[in-house]
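One structure below.
Coordinate-derived values only; no laboratory data. Quick caveat: nothing in here was measured; it's all calculated off a predicted structure. All Cβ positions, glycine included, derive from the backbone under ideal geometry; neighbour counts span all protein chains shown.
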Amino acid sequence: MSKELFFETDAAIITRLGRELVAKQETALIELVKNGFDADATGVEIVLEGSGPKASLEVRDNGSGMTRRELIHGFMRLASDLKVESPRSPRFGRRRSGRKGIGRFAAQRLGDRLVLTTKTEAASVGLRLSVDWRRFVHGRRLEDVTVDLDEVPASGGPGTTIRIELLRDAWSEPQLRRCWRGLLALQQPFPVIPVIPVINREDIDPGFNVRIYRSGSEFEDETLVTDMQTEILDHLHAVIEMKVDDHGCAGWCLSKNEFGPVRNWAPIHHEHRDAAQPPNYKYLKNAIMKAYYVVLDPTLLSSLVYTRVRDVLSKEGGIRLYRNGFRITPYGDPDDDWLGLDEAYVTRTVLMPIANRNFFGVIQLEDPDGTLFEEHTSREGLIETSSFLELKGLTSSVLVTAGTQLAEDRGRKTRAGRSSRSSAGRALTDFSAVKSAAYAAREAAERLAKDKATPEAQTAAQRAAETVNLVEQKQEELGAAEAQLADEFAMLRFLATLGMTTSEFSHETGMTFDAFRLDFRRVFEVAVQAKLDDRTFGEQAARAQAMLNRLDTLTSYLNGLAAARSLRGMRPVSLSKAIETFQHGMSAQATSQEIDLRIETPPFDALYTRPMHEAELASILLNFYTNAVKAMKRSKNRRQILIVADRVDDTEPQVRFRFSDTGDGILDDNRERIFDPFFTTRTAPSAGASDTEHASGTGLGLWIVNQIITNAGGEVSLTAPPSSYSTCFEVWLPPEAENE
């Protein structure tokens with residue numbers, strides 16, 4: 001006789017499944033937090049209360065809560081398929097992350113008692129589920145073990161709180177931090193400024209944030225253990241902000257700077273880099289940005305923090321873009337370089353680190369009418385309207401400008417790498433052995449002082465401690481010197497490459513001119529003869545001939561410098577001849593810029609210097625000249641440059657020249673810093689600008705001038721300008737000795 005039978009489930013299965021499915025307590029806690037993410041919560045708070053047997057753990061979310069049906073047929077039902085039927089959350093459309101049916105096992109893994117309180121937006125009362133896991137013991141049927149479900153007065157908004165009592169394990173702060181890091185993927189995107197929709201849309205996902213707190217007792221306030229701010233953002237070195245108002249007026253600031261002083265709000269325009277008061281943007285309006293910046297150098301961050309920040313920013317670094325509260329993709333995605341930062345960094349490895357992984361930021365655009373920014377029909381990216389192009393140029397310029405000033409504050413540049421250790425590096429390693437010996441001597445002296453307690457022993461211990469302090473100080477100084485030497489080497493390598501490129505260009509251009517100079521002259525003659533009555537054509541031909549003559553003159557001047565430098569030998573150089581040659585080579589360029597270039601040199605004194613490279617003097621003059629041209633363009637003064645050379649026979653004979661211009665001058669606050677590397681008052685170009693534009697705005701020009709003059713045994717300084725001039729650089733060089 002047949003009989004229908006049913007499987008019976010022993011209540012102990014809850015315990016067995018809990019421990020086997022969720023081996024680690026950290027994993028169990030992460031699964032409970034994921035339930036909040038799936039319920040469209042914008043934030044979850046984890047609170048660990050008390051310690052020992054009375055400790056409890058609460059997971060509070062502000063999600064949608066659960067109805068009675070969802071609680072009974074979802075949370076309390078083994079192998080529930082609610083998440084299979086609804087793979088996305090109802091409000092924000094999030095892809096559900098929680099593992100199917102594991103929530104109640106995670107709660108059982110953490111402690112012996114569960115109290116779950118939940119409320120939906122529409123409910124007038126809340127629900128409280130109480131479960132004592134100790135009742136699920138071997139020998140009882142699962143369906144015979146009851147749990148309590150009660151209605152409770154509603155308080156606050158919707159959400160769910162899971163309270164775990166009688167915890168099975170103790171919790172350390174490192175474990176709590178590991179839980180937070182395990183939830184990091186859910187917290188993407190996580191804006192660094194609140195994304196506030198300018199239109200009333202409740203389906204905009206504002207992100208998801210997890211905070212972990214701890215309190216010692218019920219009478220003690222909760223203290224924050226970890227969140228995005230403490231784990232990531234607090235460790236980043238700088239905060240860069242940008243804003244554009246509804247008139248198109250743009251400004252930027254450094255509100256945090258661990259390498260130096262903060263920078264207050266200053267106006268900026270990427271196409272008017274030298275303007276003290278740049279014009280407003282024509283199209284771009286109502287944009288704000290906040291970007292965190294970090295130098296990914298293990299010497300600047302602790303090992304754990306460095307690894308954490310590096311891993312996060314390698315995936316999430318960059319500048320995200322929001323329009324009217326909506327995230328616009330692909331801007332800020334791992335493979336997107338919409339601002340050209342990665343390209344700029346890769347192609348200029350000796351400059352400051354400005355790749356996407358060095359930034360973590362958000363731009364908000366307010367464009368409710370959709371007149372400034374328009375999406376592609378595919379909803380992937382924005383059409384490159386004038387507003388969007390201005391936004392790209394401005395944002396990139398702000399980030400590069402800030403990166404340049406941060407590099408200046410650091411006094412060094414981050415390099416892509418070094419192939420071998422320098423001699424200073426080896427000396428630093430050797431110095432560590434000296435420090436170890438000093439530590440051993442101090443410990444021996446302290447033990448002796450402790451054992452004998454005589455005045456001599458005390459004095460020896462004190463001197464040993466002073467020796468250790470001195471050794472540590474010298475080691476720091478040596479390390480700083482090594483970094484400075486490495487940076488100078490990197491800068492010189494970059495400048496050498498630029499010099500070789502310039503030399504090759506001028507050489508090839510010169511050869512080209514030699515080949516077609518006569519042909520062009522004949523073409524001009526025939527063309528002008530054919531159109532003798534065409535006055536406009538005659539003016540155009542004359543202007544073209546003048547431009548070609550100017551380019552020919554500049555090329556010849558550069559070729560002469562390259563030829564002088566290629567000799568590589570040093571010899572006494574005539575300062576008078578160098579200045580006269582400079583005037584001859586730059587006269588056509590000066591005339592085209594409406595600059596009156598004047599020189600005054602002694603008629604019967606060549607003013608020979610000690611042995612140096614002739615090209616170095618030309619480089620100094622050319623640097624002063626280019627700075628003067630930019631300064632005169634910014635001012636409304638008449639454009640005039642005066643170079644005066646003479647000999648000074650004081651207690652220490654010197655040859656000297658003064659370079660004066662009528663530009664807008666140098667502010668008093670900047671006079672002490674103009675010879676520092678990376679110091680510049682110019683706004684940086686956008687990351688996508690040409691190499692020439694980037695090379696002209698690095699703040700290295702006057703630093704190089706100072707290095708050349710100092711290495712030659714001379715001095716350079718700012719001095720009082722002659723009447724009607726605004727700026728004057730004075731250069732002193734040692735004269736040729738009798739035996740040279």
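Counted by neighbouring Cβ atoms within 10 Å, the residues LEU389, LEU532 run from fewest to most as LEU532, LEU389. Amide H contacts under 5 Å for LYS256: VAL239, restricted to partners 5 or more places along the chain or on a different chain, H placed in the peptide plane at 1.01 Å from N.
In nm, to one decimal, how far is the SER592 label point from the ARG68 one, both placed 7 Å along Cα→Cβ? So the label points at SER592 and ARG68 sit 8.7 nm apart.
Averaging sequence separations of C-alpha pairs under 8 Å and six or more residues apart, then dividing by the length of region 233-410, give the relative contact order as a whole percent.
Relative contact order of region 233-410: 23 percent.
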